[in-house]
Structure formats: C-alpha cells, structure tokens
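Shown next, in structure tokens, is the structure this report addresses.
The values are calculated or read from the model by the stated rules, or taken from the named source; none is laboratory data. Please read these numbers as outputs of a predicted model, since none were measured by experiment. Neighbour counts run over all protein chains shown; Cβ positions are idealised from the backbone, glycine included.
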Amino acid sequence: MGLAYVVKRVLGNSSLSFPNNYGLLFLLSFVFLVVSYVALSSVREPDSEAIVSRRTLSAFLRQLLPMVWEDRNLKLLLVTQIAIGFGSCALPFYTLYGKNALGMPAEQIGFLVGAQVVGAIASNAVWGELSDRVGNRSVIMFTGIMGALVPLLALASAFVVGPMLLIAVFALIGCASSNGE
C-alpha cells in the first residue's frame, strides 16, 4: 500500500517528467523484484526423501499431450487460463484510459495501484475459504467471471463522473488475478 503513495508522488512530481518518472518507477520495480527474489530464494525446504525419475523432454511431452487431450478438466483449465491471459493484455491500457479519456491526473494512478493491491489482498481470504468449502474449480470460475466484468466496468466508467468506478475496476482486477495461481 505504501508503494501506491510512492507512485503518486513520483508521477505527481513536476521535476520528473516523462520518461524519467516512468523510468524511476521501473527501476524501483526492478529493485523490489530483486529483493523479493533474494528473499524467496533464501527459503530452505526441510530435507525429505524425494523420488526423482529422470525423463527426457521428448518423453515428458509424449506423456503430457495425451493427458491434455484425454482429461476434460485439464483441458478446460488450460483453455480458461489462456483466455484469462488474453483478457489481461488490456490491463495496461486501463490506466491510459483513466488518464486520457477520463481526465485523471497522473498522480492518481497510485490510487489505482493501491486499489488493485487491496482487491488482491482482501479477496485472498474469500478465495481461500471458497476453495476449502467448495473447491478450486469454483474459485477459478468466480475469478474468470470477475475478469470478464473488468472491461464492462471500465466502459461504464465513462458514464460516471470522477475516477471512483475506475478505482473499482482496479480493485476487481486485483480480485480476479489473486486466484492462487
């Protein structure tokens, strides 16, 4: 959440103009990703007995392809993930839409980032409970529906005064993208 404030400050700083402000944000993103990677790679799993069978890539693919064609649930999962991936190609343009079409000041983009983070964090508790009670299929279905609602809500934001609906769009993006992938 603090990073949303940093984004607001960087984009709202008149001494940092484009492309320097975006360059600084990308540099900060890189630094935090490196810190995250280092922290994650320092986690040590407890020793356990693992049975590892070595297979060549061609042997693995020979086993994988029939499994995909024969297992209906796996096939549906893959098609759903690909469709969600195509839908997320538009995500960077929602910020531009807010700035250019809705007249949202650049420094308010931090609120959009914050809304996305809050949506992801808040929805994780819901997805975890839903997964435990009903199963992962329901979580994937609900997040897919939310992802499909994102462009509709973004279009509807053109008819609402102010950025509130676009902030809701980003919260919904956070909810839809935090399905435990």
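Assorted remarks:
- When the residues of the stretch 111-134 are filtered to those that are under 14 Å from the mean Cα position of the chain (by Cα) and of a type in the set (A, V, I, L, M, F, W, C), the one that is surrounded by the most Cβ atoms within 10 Å (Cβ to Cβ) is 112.
This table checks each residue for (1) touching a Pro at 6+ places or on another chain (Cβ under 7 Å); (2) within 16 Å of residue 170 (Cβ to Cβ); (3) aliphatic (A, V, I, L, M).
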{"site": "31", "(1), (2), (3)": "no, no, yes"}
{"site": "44", "(1), (2), (3)": "no, no, no"}
{"site": "63", "(1), (2), (3)": "no, no, no"}
{"site": "82", "(1), (2), (3)": "no, no, yes"}
{"site": "96", "(1), (2), (3)": "no, yes, yes"}
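- Matching option when the condition is of a type in the set (Phe, Trp, Tyr) and free of Cβ contacts under 8 Å to residues at least 40 places away in the same chain, among 86, 111: 86
- Where residue 152 falls short, out of the listed (1) more than 15 Å from the chain's Cα centre (by Cα); (2) hydrophobic (A, V, I, L, M, F, W, C); (3) closer than 19 Å to residue 6 by Cβ: (3)
- Selection within the stretch 101-154 - among the hydroxyl-bearing types (Ser, Thr, Tyr) and under 13 Å from residue 169 (Cα atoms): none
- The single condition among (1) in contact with a Pro (Cβ under 8 Å, 6 or more places away or on another chain); (2) at pLDDT 85 or above that residue 104 does not meet is (2).
- Output for the stretch 135-181, where each listed residue is free of Cβ contacts under 8 Å to residues at least 12 places away in the same chain, more than 15 Å from residue 94 (Cα to Cα) and either crowded, with 20+ Cβ neighbours inside 10 Å or of a type in the set (Gly, Ala, Ser) (or both): 135, 138
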